[in-house]
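Derivation of every value follows stated rules applied to the coordinates shown; laboratory data play no part. The shown structure was predicted, so the numbers you read here are calculated from the model rather than taken from an experiment. Methodologically, a virtual Cβ is constructed for each residue, glycine included, from the backbone with ideal geometry; neighbour enumeration extends over all protein chains shown.
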Ligand code: ZN
């Protein structure tokens with residue numbers, strides 16, 4: 001697929017408020033953006049680490065996939081997904097599909113920070129939930 005770089009690492013947290021001080025300490029940077037993504041039922045907070053970002057994800061509803069992830073993880077957060085930046089999510093999806101990789105999203109959709117995103121199924125990605133994303137043009 002030839003991604004240009006790792007765009008971000010998604011980390012599920014039970015509470016942004018309680019998690020943010022640690023990530024400020026870890027990255028040495030203040031959170032630069034907090035955004036609610038209504039259709040994914042999450043609130044996100046972003047930190048920069050060089051070119052890579054850390055995306056914290058707090059569920060805003062028990063139906064959120066992040067809430068379910070935390071529940072499965074014994075009530076704790078943890079690494080949820082890795083996002084790779086590509087030039088075209090649409091092309092990358094076609095390529096992945098052709099390679100027999102199961103897709104969660106058959107078409108690109110809008111994610112946090114106005115990125116176009118799509119998820120590949122962990123069944124096909126060695127257990128790592130994989131997001132591919134494209135910068136807004
Ligand atoms: Zn993400």
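Over the stretch 1-70, what is the relative contact order in percent, taking alpha-carbon pairs closer than 8 angstrom and at least six residues apart? Present the calculation step by step, with values, prior to reporting the outcome.
Working: 119 pairs, mean separation 24.1, N = 70.
Averaging sequence separation for qualifying contacts and normalising by length gives 34 percent for the stretch 1-70.
Shape verdict for the stretch 1-111, please, from the Cα gyration tensor: rounded (a/c under 1.5), prolate (a/b greater than b/c) or oblate.
Values: a/c = 2.13, a/b = 1.39, b/c = 1.54.
Taking the square roots of the gyration eigenvalues as a ≥ b ≥ c, the stretch 1-111 is oblate.
If I take every Cα pair under 8 Å that is 6 or more residues apart in the stretch 5-134, average their sequence separation and divide by the length, what percent do I get for the relative contact order? Numbers along the way, then the final one.
Values: 266 pairs, mean separation 32.1, N = 130.
In percent, rounded to a whole number, it is 25.
What number, rounded to the nearest 500 deg cm²/dmol, is the helix-based mean residue ellipticity at 222 nm of the chain, given -39500 (n - 2.57) per DSSP H run of at least four residues and division by all its residues? Each step should come with its number before you reach the end.
Working: 3 runs with 30 residues, N = 137.
Taken over the chain, the calculation gives -6500 deg cm²/dmol.
To check you understand DSSP bridge types, tell me what percent of the beta bridges within the stretch 5-134 (both residues inside) are antiparallel, rounded to 5. Walk me through the numbers on the way to the answer.
Details: 28 of 37 bridges.
Percentage antiparallel, nearest 5: 75.
How far is helix 89-98 tilted, in degrees, relative to the longest principal axis of the Cα atoms in the chain, given as a value from 0 to 90 rounded to the nearest 10?
60
Could you work out how much longer the chain between residue 128 and residue 90 gets when fully extended? Use 0.36 nm per residue separation minus the Cα distance between them, nm to one decimal.
Working: separation 38, 0.36 × 38 = 13.68 nm, distance 2.04 nm.
Working it through step by step, the gained length comes to 11.6 nm.
Could you calculate, for the stretch 64-112, the ratio of the Cα radius of gyration to the Kirkwood radius, expressed as Rg to Rh? Don't jump to the answer; show the numbers that get you there.
Numbers: Rg = 13.9 Å, Rh = 13.0 Å.
Reported Rg/Rh (Cα atoms, Kirkwood Rh): 1.07.
Between residue 63 and residue 26, what is the label-to-label distance in nm when each label sits 7 Å out along the Cα-to-Cβ direction?
In this crude spin-label approximation the distance works out to 3.0 nm.
Specify the angular offset, from 0 to 90 degrees and rounded to the nearest 10, of the alpha carbon long axis of helix 16-27 from the longest principal axis of the alpha carbons in the chain.
That helix lies at roughly 80 degrees to the long axis.
Could you list 89, 128, 52 in order of exposure, starting from the residue whose Cβ has the fewest other Cβ atoms within 10 Å?
Details: 89 22, 128 11, 52 16.
So the residues, fewest neighbours to most, are 128, 52, 89.
How much length is gained if the chain between residue 6 and residue 33 is pulled fully straight, taking 0.36 nm per residue apart and subtracting their Cα-Cα distance, in nm to one decimal? Walk me through the numbers before you get to the answer.
Values: separation 27, 0.36 × 27 = 9.72 nm, distance 1.86 nm.
Full-extension gain reported as 7.9 nm.
Listed highest first by mean packing, meaning other Cβ atoms within 10 Å per residue, what order do 5-13, 69-77, 35-43 come in? Can you show the working numbers first?
Working: 5-13: 20.1, 69-77: 13.2, 35-43: 15.9.
Peptide ranking by packing, descending: 5-13, 35-43, 69-77.
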